[in-house]
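Structure, as structure tokens:
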Amino acid sequence: MPAARCGLVGVRPTWGRVSRAGLVAFASSLDTVGPLARTVDDAARVLACLTGHDPEDSTSLCAAVPDYAAMAARGRSEGLRGVTIGVDRAGLAGVEPAVAEAFAAALATLAGAGAAIVEVTLPDPAQALTAYAALSAVEAVSNLARYDGVRYGLCVPKDSFAATAAATRGAGFGLEVKRRLVLGAWLQAHPETLARARAARATATAGLQAALRGCDALASPTCAEAGVPIFLKDVPEDSQVRTAADLAVDRFTVAASLAGLPALSLPCGLTAGAPALPIGLHLVGRRLEEGRLLAIAAAFEAATPWRARLLAGPEDA
């Protein structure tokens, strides 16, 4: 989603493909490191540098690392003949008109490059959104318990002076993080609700895997709308917390995160008017098939003007 909002290429690798050693963990079964870059080639090169087993992260995978840059180059030069891309058209309801138009044009471009576009049916995104909200909150409580901030609203080590913690209570964690911690603590006391969230995650994972048995990648918009306000004028901060409706912004991306599958976003359009906001094309692939996604993205990038327009200066864009 940050890639789509900023007109960049973003890769979310298979869970475990890139080491998470050194990170402050939020939700361990979801946290993933991946590159943000201006082009598919740059993303491929950076991903190759990041990928591989790390003895400092027991969850990092011991899988061979392909030549991502070469795979992207082949996609650009050879096109997408023989590639099948699945689309759940029923899941596009409620998409902003400008995004729907850009996505339709993106599918036409992919087909023009040789890809076969097929219909698939994916699980209800509402279940995946609910599962993500619940499971990430529970894991955050465990991961952030190392900081007194869980107790005081701070991000300070446990050996810090209690007086310092008390004096700056609430300054370390943002309001949204604190609300997630409250939700996670409540869920820990309600195992039946947590069990339903885990079941919803399993359903979302099985649905993606089933769809990918019949195609090489799944395509959708990255976000249902082209942009959101950075802040709301004259609205108190404690009212600017994500609601259930706000979480629907994640509906095209969250299932791949729950399933630990690779995903990629790249620019596929701009809105009309000023400011022109970037629109992202979202691709989801099979486990460990980041290279295939990069090849599809490179073929798309080569066939569209969006890379050149986004890299141009303001006076030329």
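Accessible area, 1.4 Å probe, largest first: how do W306, W15, W186 sort?
W186, W15, W306
Full-extension gain between R196 and D67, please, as 0.36 nm times their residue separation minus the C-alpha to C-alpha distance. Spell out each step's value before the answer.
On the way: separation 129, 0.36 × 129 = 46.44 nm, distance 4.01 nm.
Result for the pair: 42.4 nm of gain on full extension.
Where a ≥ b ≥ c are the square roots of the eigenvalues of the C-alpha gyration tensor, would you call the range 1-99 rounded, which needs a/c under 1.5, or, failing that, prolate if a/b is larger than b/c, or oblate?
Verdict is oblate for the range 1-99.
Which sequence of S136, S77 reflects their accessible areas, 1.4 Å probe, from the largest down?
If we order S136, S77 from most to least accessible, we get S77, S136.
With a 1.4 Å probe and all protein chains in place, put H190, H282, H53 in order of accessible area, largest first.
H53, H190, H282
Could you give the length gained by full extension between S29 and L92, i.e. 0.36 nm per residue of separation minus their alpha carbon distance, to one decimal place?
Details: separation 63, 0.36 × 63 = 22.68 nm, distance 2.76 nm.
In short, 19.9 nm is gained.
Would you tell me the accessible area of L144, worked out with a 1.4 angstrom probe on the heavy atoms of the protein chains, in Å² to the nearest 10?
Surface accessible to solvent at L144 totals approximately 10 Å².
Amide H neighbours of G280 under 5 Å, at least 5 residues apart or on other chains, H built in the peptide plane: list them.
For G280, whose amide H was placed from the backbone, the distant partners under 5 Å are T222, C223, C268.
With the cut-off at 1.5 for a/c, could you classify the range 54-124 from its C-alpha gyration tensor as rounded, prolate or oblate? The partial results should precede the final answer.
Numbers: a/c = 2.51, a/b = 1.45, b/c = 1.72.
It comes out oblate by the Cα gyration axes.
Using label points projected 7 Å from each Cα along Cα→Cβ, tell me how many nm separate S58 and A210, to one decimal.
The modelled label-to-label distance comes out at 3.4 nm.
At what distance in nm do the modelled label points of D124 and C49 sit from each other, each positioned 7 Å from its Cα along Cα→Cβ?
Placing both labels 7 Å along Cα→Cβ, they lie 4.5 nm apart.
The values are calculated or read from the model by the stated rules, or taken from the named source; none is laboratory data. If you're wondering where the values come from, they're calculated on a predicted model, not measured in any experiment. No Cβ is skipped: glycine too gets one built from the backbone with ideal geometry, and neighbour counts run over all protein chains shown. When the accessible area is computed, the model is the full protein with side chains, heavy atoms only, and any ligands, DNA or RNA have been set aside. Shrake-Rupley method; radii C 1.70, N 1.55, O 1.52, S 1.80 Å.
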